[in-house]
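Engineer: Encoded as structure tokens, here's the structure I'll be asking about.
The values are calculated or read from the model by the stated rules, or taken from the named source; none is laboratory data. Everything numeric here is computed off the predicted structure, so don't read it as measured data. Methodologically, a virtual Cβ is constructed for each residue, glycine included, from the backbone with ideal geometry; neighbour enumeration extends over all protein chains shown.
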Amino acid sequence: MIYLTEKIGEEKITNQLLKIYSLLFEKYKDQHWWPADTKFEVIVGAVLTQFISWRNVVKAIDNIKERNLLDVYKMHECDIELIKEMIRPAGFFNRKSVVLKSVIAFLIEEYDGDIDKMFYTSLEVLREKLLMVKGIGPETADSILLYAGSKRIFVVDAYTIRIFTRLGFLKGDEKYHQVQQFFMNNLPTEVDLYNQYHALIVKLGSECCYGKKPKCDNCVLKDLGCTL
């Protein structure tokens, strides 16, 4: 699966991953991710950020805040047409409104709307439950678990796969869980590290490593032997 591990060994892989982290952190600093006032806001943001840039998510969340509806119970009672109107800036608002309703219904039905109670559930059990919620895939579930629940889980996205394939750590055809396991097997098991590392990957990806023509001249990792 991860062919560099076989070539140079897990200890060196760990050192290389931590070196990459250090280079990214030195350049981009603390990303203060996830930017939200409450755990519920993180959950809403995790749903809305699917397939769209964060700046559009901010507009959608601001719309919800302006109506004083950023609350589990208020949004549970909220008409879905109003939710569609508020989250329109985040795109795919028909689909995302249904997903939001499903997530909120899950919170109400399983945990009486108590998010702290939800996060008392073990990582393995809660992750399995979240993945059963309509519209919640691994990346969204793991974002909720890591950023809202401070659970020890590494989030993988398209930037992660693209960057680390170009660096030679991945072949590019791995499944989500395989890439996730690669990072979790080769990094210290620390919530703060998982949090910051993924945020820094997103920052690098959005600035330099998107599309078929990355901006390698501006990339802090350009001397590590990237292969396009």
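Engineer: Hey, could you check region 54-70 for residues that are touching a residue at least 12 places away in the same chain (Cβ under 8 Å) and not hydrophobic (A, V, I, L, M, F, W, C) and say which is surrounded by the fewest Cβ atoms within 10 Å (Cβ to Cβ)?
Structural biologist: That would be Arg67.
Engineer: Another one. Quick one: which of Lys19, Lys12, Lys74, Lys84 is surrounded by fewer than 18 Cβ atoms within 10 Å (Cβ to Cβ), more than 23 Å from Ala199 (Cβ to Cβ) and assigned by TED's automatic domain parsing to the domain that holds Leu200?
Structural biologist: Lys12
Engineer: Among the candidates Gly91, Gly113, single out the residue that is out of contact with any helix residue (DSSP H, G or I) (no Cβ under 6 Å at 6 or more places or on another chain) and at positive phi.
Structural biologist: Gly91
Engineer: Can we say Ala199 is crowded, with 19+ Cβ neighbours inside 10 Å and in contact (Cβ under 8 Å) with a residue 40 or more places away in the chain?
Structural biologist: yes
Engineer: Continuing with this model, one more query. Condition test on Leu100, is it in a helix (DSSP H, G or I), at pLDDT 95 or above and in contact with a Gly (Cβ under 7 Å, 6 or more places away or on another chain)?
Structural biologist: No: the conditions fail for Leu100.
Engineer: Right, another one. So which of Glu128, Glu124, Glu110 ends up being surrounded by fewer than 17 Cβ atoms within 10 Å (Cβ to Cβ) and within 23 Å of Glu77 (Cβ to Cβ)?
Structural biologist: Among Glu128, Glu124, Glu110, only Glu110 is surrounded by fewer than 17 Cβ atoms within 10 Å (Cβ to Cβ) and within 23 Å of Glu77 (Cβ to Cβ).
Engineer: Follow-up question, since we're still on this one. Sort out which residues of region 94-109 are within 16 Å of Ala148 (Cβ to Cβ) and touching a helix residue (DSSP H, G or I) at 6+ places or on another chain (Cβ under 7 Å), and write them in order of number.
Structural biologist: Selection gives Val99, Leu100, Val103, Ile104, Leu107.
Engineer: Right, something else. Considering only region 30-38, I want to know if a residue exists there that is surrounded by 13 or more Cβ atoms within 10 Å (Cβ to Cβ), under 20 Å from Cys209 (Cβ atoms) and in contact (Cβ under 8 Å) with a residue 60 or more places away in the chain.
Structural biologist: Yes, region 30-38 contains a residue that is surrounded by 13 or more Cβ atoms within 10 Å (Cβ to Cβ), under 20 Å from Cys209 (Cβ atoms) and in contact (Cβ under 8 Å) with a residue 60 or more places away in the chain.
Engineer: Oh, and also: Sort out which residues of region 32-65 are at pLDDT 95 or above and among the polar types (S, T, N, Q), and write them in order of number.
Structural biologist: Thr38, Thr49, Asn56, Asn63
Engineer: Taking the criterion of being farther than 25 Å from Asp37 by Cβ, assigned to a loop (DSSP other than H, G, I, E, B) and at pLDDT below 95, would at least one residue in region 121-138 satisfy it?
Structural biologist: yes
Engineer: To continue, here is another question. When residues of region 77-117 are filtered for being under 19 Å from Gly135 (Cβ atoms), under 22 Å from the mean Cα position of the chain (by Cα) and among the charged types (D, E, K, R), how many remain?
Structural biologist: Of the residues in region 77-117, 4 are under 19 Å from Gly135 (Cβ atoms), under 22 Å from the mean Cα position of the chain (by Cα) and among the charged types (D, E, K, R).
Engineer: Those residues that are closer than 15 Å to Lys29 by Cα and of a type outside the set (Asp, Glu), I need them from region 182-204; list them, please.
Structural biologist: Matches in region 182-204: Leu193, Tyr194, Asn195, Gln196, Tyr197, His198, Ala199, Leu200, Ile201, Val202, Lys203, Leu204.
Engineer: To continue, here is another question. Kindly indicate whether Leu170 is of a type outside the set (Asp, Glu) and within 15 Å of the chain's Cα centre (by Cα).
Structural biologist: No, not satisfied.
Engineer: Give me the pairs, please: first residue somewhere in region 144-157 and under 21 Å from Phe40 (Cβ atoms), second residue anywhere and crowded, with 21+ Cβ neighbours inside 10 Å and among the small types (Gly, Ala, Ser), beta-carbon distance under 8 Å, and either six or more positions apart or on two chains.
Structural biologist: Ile144/Ala46; Tyr147/Ala46; Ala148/Ala46; Val155/Ser143
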